[in-house]
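The numbers here are math on the coordinates, done by the rules we state, and not lab data. Bear in mind that the values here come from a model prediction, so they are computed numbers and not experimental data. Cβ: placed from backbone, ideal geometry, glycine included. Neighbour counts: every protein chain shown.
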């Protein structure tokens, strides 16, 4: 276990690796974990969290969840709803809204979220929500002992490269992530939602934030070849 008094970047990760860890920074910040290490503190805590939230209890169930996030996640349903809002005039939506809400409250919520944000998100939609969770799960699964360190890094680097193709800074990434959370979890005004908003504000404004330490999307992968750190 590593306490917060340990110097920053104790395993001497490359800037690219530290940048990739930032993809799960909102959840890491909310949970009070370190941003500069791949492995979290307590394996049993993360085994329990994976089981409770994701029904992940071993390597195979982890791989199933990761495959779903990579292939679909919530972004696929979001994009389908986006398509619906694009071809549904606002007058028609208002006429149908009450009936949709009565028939399927979750469907209504998700359509309403997409309509509200349809002009504020680019073509990347809520991709950051899925990217961030893939990185989060890889870190948790490594901590829990379900995958190797190299497997975890391979996933982080893959998702990092994807993030640089979709976003140009942490601000639109954060916007996409938070809207994705609101779309999937139904609100941002509960306690956990407020914690996510506050954590995001800290990450975007505090100098010691991993996002401000490593803000560059354009050159995130232009450093020297990624080496696999030896975990101590």
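Please report the spacing between the Cα centers of the stretch 110-153 and the stretch 206-221 in Å, no decimals.
Between the Cα centres of the stretch 110-153 and the stretch 206-221 lies a distance of 18 Å.
Out of 215, 43, 89, any idea which swings most in a Gaussian network model of the chain, alpha carbons joined below 10 Å?
It is 89.
With springs only between Cα atoms under 10 Å apart, run a GNM on the chain and tell me which of 96, 39, 47 wobbles the most.
Most flexible of the set in this elastic network: 96.
Where does each of 143, 205 land when they are ranked from fewest to most other beta-carbon atoms within 10 angstrom?
205, 143
For the stretch 48-125, what ratio Rg/Rh do Cα atoms give with a Kirkwood hydrodynamic radius?
1.12
For the chain, with a Gaussian network of springs between Cα atoms less than 10 Å apart, report the residue from 26, 126, 37 with the top mean-square fluctuation.
The residue that fluctuates most here is 37.
Can you tell me the orientation of helix 43-54 relative to the chain, as the angle in degrees between its alpha-carbon axis and the longest Cα principal axis, to the nearest 10?
Result, in degrees: 20.
Which value in deg cm²/dmol, rounded to the nearest 500, describes the helix-derived mean residue ellipticity at 222 nm for the chain, given -39,500 (n - 2.57) per DSSP H run of n ≥ 4 and division by the residue count? Please report the intermediate quantities before stating the final value.
Values: 12 runs with 149 residues, N = 232.
So the calculated ellipticity at 222 nm is -20000 deg cm²/dmol.
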